[in-house]
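Right, one structure below, let's go through it.
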Amino acid sequence: MGDYSFYNYNPSLAAAIVALLCYGASTGFHCFQLFKLRCWFFTTFIAGAIMMTIGYLFRAISTKDTSALGPYIGQNVCILLPPSLYAATIYMIYGRIVMFARSASLSPIAPQKVTKIFVIGDVIAFLTQASGGGMMAMESMASAGQKLTIFDSEKSDVADLYTHND
């Protein structure tokens, strides 16, 4: 283990293992439901859960050598990107709920367009976060990558606030 560390803290092996086990168990259960109930639109959620599980596996590996680039990039990308996939699943479910409830006139966005509109936004967020995550792995660009990732996350949160009417 060298003097350099990609982390500004000491990553916890115990926390990484607990997260790995929780996400792994949840992913297994959701896969079972996906096939049993044939909810194929839920595939993006499963992809995100698998990525998150792999991300925490990389995090556990990374705790042993915080200067190793491969595990750091793996955990960074696999933990940063799944929320975009979860959001895409939520938008697909939203459209189905509105159609099932026969209340399309009450939706601020036509249910047929919700998935397309938000998935395009999520793809842009996904690519931005991936770029930021990759930049964070390079010492010379780590600060810019962190700012890009935080900006993208905050932008997504603001967009979500504007689309949820109570």
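Of note:
- Net +/- balance of residues flanking P111 in space, Cβ distance below 14 Å, scoring K and R +1, D and E -1: +4
- Additional length obtainable on full extension of the chain from Y86 to N10, 0.36 nm per residue less Cα span: 24.5 nm
- Residues R96, R102 arranged by fewest to most Cβ contacts within 10 Å: R102, R96
- Cα-Cα pairs of segment 35-75 separated by more than 14 Å (percent): 54
Rule-based calculations on the coordinates, nothing more; no lab input. Everything quoted here is computed from the prediction, not taken from an experiment. A quick note on method: Cβ atoms are made from the backbone with ideal geometry, for glycine too, and the neighbour counts reach across all protein chains shown.
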